[in-house]
Amino acid sequence: MVKIAIIGIGNMGTIHAQRIFGGVIDGLELACICDISPKRLDWAREEFGDKVKLFKSSDELFENADLFDAVIIATPHYDHPSLAIKAFELGKHVLVEKPAGVYTKAVREMNAAAEKSGKKFCIMYNQRTIPAHQKIREMVQSGELGTIKRMIWIATSWYRPQSYHDSSTWRSTWVGEGGGVLLNQCPHQLDLWWWIFGMPKRVRGFASFGKYYNIEVDDDVTAYAEYNNGMTATFITATGEFPGTNRLEISGSLGKLVMEDNNLRFWRNEVDEREFNAGYKGGFGNPEVSEREIPLSGEASEHIGILQNFANAILNGEELLSPGIEGIYGLTISNAIHLSAWTDNWVEFPMDEDLFYDTLQAKIKNSTFEKVENDGNVLDLTGTH
């Protein structure tokens with residue numbers, strides 16, 4: 001059994017704790033819980049009794065490192081890298097909730113600590129377990145779509161009312177959360193973006209801040225990216241549209257693939273469009289095309305699947321579906337879109353991380369955030385979507 005300590009029992013930390021304590025994840029045992037909120041610790045005491053050790057600070061938890069083998073970090077985003085580094089230095093395995101952090105400079109330090117420790121490092125990108133996403137990746141990377149020309153992803157099914165943003169003093173602020181829809185709601189799609197297509201060469205971002213809500217961070221974003229091979233990507237996300245859309249369209253030389261609501265349809269060209277274009281002499285014309293629905297196998301194991309994979313990786317060396325060191329890629333795209341919107345200019349990769357960090361610090365300096373210690377919400381709702 002892998003003894004687990006959970007740091008932060010807001011929404012996601014609570015769900016993980018209940019599942020592990022209830023024996024849902026084979027090989028994991030809930031050993032410790034850490035939270036700065038007395039109210040959350042009181043809840044944990046009532047929920048788990050004396051079978052789980054409780055700690056009121058991460059320092060106190062780490063002083064008792066002999067009680068656990070691995071940690072799940074479900075705290076506000078800024079704390080993910082620093083807490084992970086401390087855990088790695090103590091020789092612990094780590095699973096972090098998304099995102100990996102707020103800015104890539106800190107995440108690079110976390111990744112370096114992970115590699116030095118030799119311990120298992122996982123990030124909760126649970127949408128990698130969804131069969132539609134796995135199938136899309138397989139089809140793109142196997143060449144079944146031919147040369148990829150364009151992808152368009154509309155990810156606006158992240159609606160949140162004002163009460164959500166008001167639910168905690170740190171939420172939807174630069175100093176408390178570090179960003180809005182790009183950093184908190186749609187990191188899953190940003191992770192899938194690079195996981196399926198790889199990293200672009202440059203991006204141009206357009207963002208609105210507090211367009212739909214009384215908040216200071218982004219709630220409506222459109223980004224356009226270019227690749228070295230000529231492929232382009234358009235990405236649209238928002239929290240202020242209802243009903244929203246989750247639709248990915250991929251155009252390749254061998255056809256068009258569309259995912260909407262996790263259903264896949266493929267319009268396949270009988271001959272590669274580039275070959276047809278080079279050889280056809282009849283004026284108007286196009287390749288013959290056939291349409292079919294792509295069958296999907298398996299079920300989306302989501303958070304449970306990532307937790308089980310993490311346990312299996314520790315216990316028997318199973319390959320991680322969502323390695324923690326890969327969290328930097330989606331965050332890099334997120335940082336670049338923010339920086340592009342702030343500077344009203346293209347951002348090339350590799351990104352100027354110092355410029356992003358300095359610009360973020362200016363946002364933080366002018367943030368409206370007012371921290372309320374031990375209000376029961378400082379760590380609440382952490383790691384949620």
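If I ask for residues that are more than 20 Å from Leu307 (Cα to Cα) and either touching a His at 6+ places or on another chain (Cβ under 7 Å) or open to solvent by less than 10 Å² (accessible area, probe 1.4 Å) (or both), which ones from region 1-43 would you list?
Hits for region 1-43 are Asp35, Ser37.
If the Cβ limit is 6 Å and pairs must be 6+ apart or interchain, which residue in region 130-151 that is closer than 23 Å to Thr222 by Cβ pairs with which residue that is surrounded by fewer than 17 Cβ atoms within 10 Å (Cβ to Cβ) and not small (Gly, Ala, Ser)?
Between residues of region 130-151 that are closer than 23 Å to Thr222 by Cβ and residues that are surrounded by fewer than 17 Cβ atoms within 10 Å (Cβ to Cβ) and not small (Gly, Ala, Ser), the close pairs are Arg150/Thr232.
Go through region 45-102 and give me each residue that's touching an Asp or Glu at 6+ places or on another chain (Cβ under 7 Å) and either open to solvent by 20 Å² or more (accessible area, probe 1.4 Å) or in a strand (DSSP E or B) (or both).
Hits for region 45-102 are Ile73, Ile85, Lys92, His93.
Could you identify the single residue in Val94, Val102 that is touching a residue at least 24 places away in the same chain (Cβ under 8 Å), β-branched (Val, Ile, Thr) and farther than 19 Å from Ile333 by Cβ?
Val94
Quick check on Phe310: is it modelled with pLDDT of 95 or more and either closer than 30 Å to His93 by Cα or open to solvent by 60 Å² or more (accessible area, probe 1.4 Å) (or both)?
yes
Per-residue answers, yes or no, for (1) surrounded by 20 or more Cβ atoms within 10 Å (Cβ to Cβ); (2) on the phi > 0 side of the Ramachandran plot; (3) touching a helix residue (DSSP H, G or I) at 6+ places or on another chain (Cβ under 6 Å):
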{"residue": "Lys149", "(1), (2), (3)": "no, no, no"}
{"residue": "Trp170", "(1), (2), (3)": "yes, no, no"}
{"residue": "Val181", "(1), (2), (3)": "yes, no, no"}
{"residue": "Arg204", "(1), (2), (3)": "no, no, yes"}
{"residue": "Tyr227", "(1), (2), (3)": "no, no, no"}
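State whether one or more residues within region 290-304 are in a helix (DSSP H, G or I), in contact (Cβ under 8 Å) with a residue 24 or more places away in the chain and surrounded by fewer than 16 Cβ atoms within 10 Å (Cβ to Cβ).
For region 290-304, residues in a helix (DSSP H, G or I), in contact (Cβ under 8 Å) with a residue 24 or more places away in the chain and surrounded by fewer than 16 Cβ atoms within 10 Å (Cβ to Cβ): present.
Scanning for something out of contact with any strand residue (DSSP E or B) (no Cβ under 9 Å at 6 or more places or on another chain) and under 30 Å from Trp174 (Cβ atoms), does region 303-326 turn up at least one residue?
Yes, that holds for at least one residue.
If Asn111 satisfies all but one of (1) closer than 14 Å to Leu331 by Cα; (2) assigned to a loop (DSSP other than H, G, I, E, B), what's the number of the condition it fails?
The number of the failed condition is (2).
With the structure loaded, tell me whether Asn263 is open to solvent by 10 Å² or more (accessible area, probe 1.4 Å), of a type in the set (S, T, N, Q) and within 18 Å of the chain's Cα centre (by Cα) or whether it fails that test.
Criteria not met by Asn263.
Can you find a residue in region 235-255 that is surrounded by fewer than 20 Cβ atoms within 10 Å (Cβ to Cβ), more than 30 Å from Val203 (Cα to Cα), of a type in the set (Val, Ile, Thr) and touching a residue at least 12 places away in the same chain (Cβ under 8 Å)?
no
To keep it simple, each residue is scored yes or no on (1) over 13 Å from the mean Cα position of the chain (by Cα); (2) in contact (Cβ under 8 Å) with a residue 40 or more places away in the chain; (3) part of a loop (DSSP other than H, G, I, E, B); (4) more than 19 Å from His77 (Cβ to Cβ).
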| site | (1), (2), (3), (4) |
| --- | --- |
| Gly327 | no, yes, no, no |
| Gly330 | no, yes, no, no |
| Ser340 | yes, yes, no, yes |
| Thr359 | yes, no, no, no |
| Ala362 | yes, no, no, no |
| Ser367 | yes, yes, yes, no |
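Residue under question is Glu273, and the condition is that it be buried (at least 17 other Cβ atoms within 10 Å of the Cβ), of a type in the set (Asp, Glu) and more than 30 Å from Ser157 (Cα to Cα); does it hold?
yes
Between a first residue in region 185-208 that is over 20 Å from Ser251 (Cβ atoms) and part of a helix (DSSP H, G or I) and a second residue that is open to solvent by less than 20 Å² (accessible area, probe 1.4 Å) and basic (Lys, Arg), which pairs have beta carbons less than 8 Å apart while being 6 or more apart in sequence or on different chains?
If the second residue must be open to solvent by less than 20 Å² (accessible area, probe 1.4 Å) and basic (Lys, Arg), the pairs left are Pro187/Lys98; His188/Lys98; Asp191/Lys98; Asp191/Arg128.
The values are calculated or read from the model by the stated rules, or taken from the named source; none is laboratory data. Every value quoted in this text rests on a predicted model; they were computed, and no experiment measured them. With ideal geometry, Cβ positions are generated from the backbone for all residues, glycine too; neighbour counts draw on all protein chains shown. Just the protein is used for accessible areas: all its heavy atoms, side chains included, with ligands, DNA and RNA removed. Shrake-Rupley method; radii C 1.70, N 1.55, O 1.52, S 1.80 Å.
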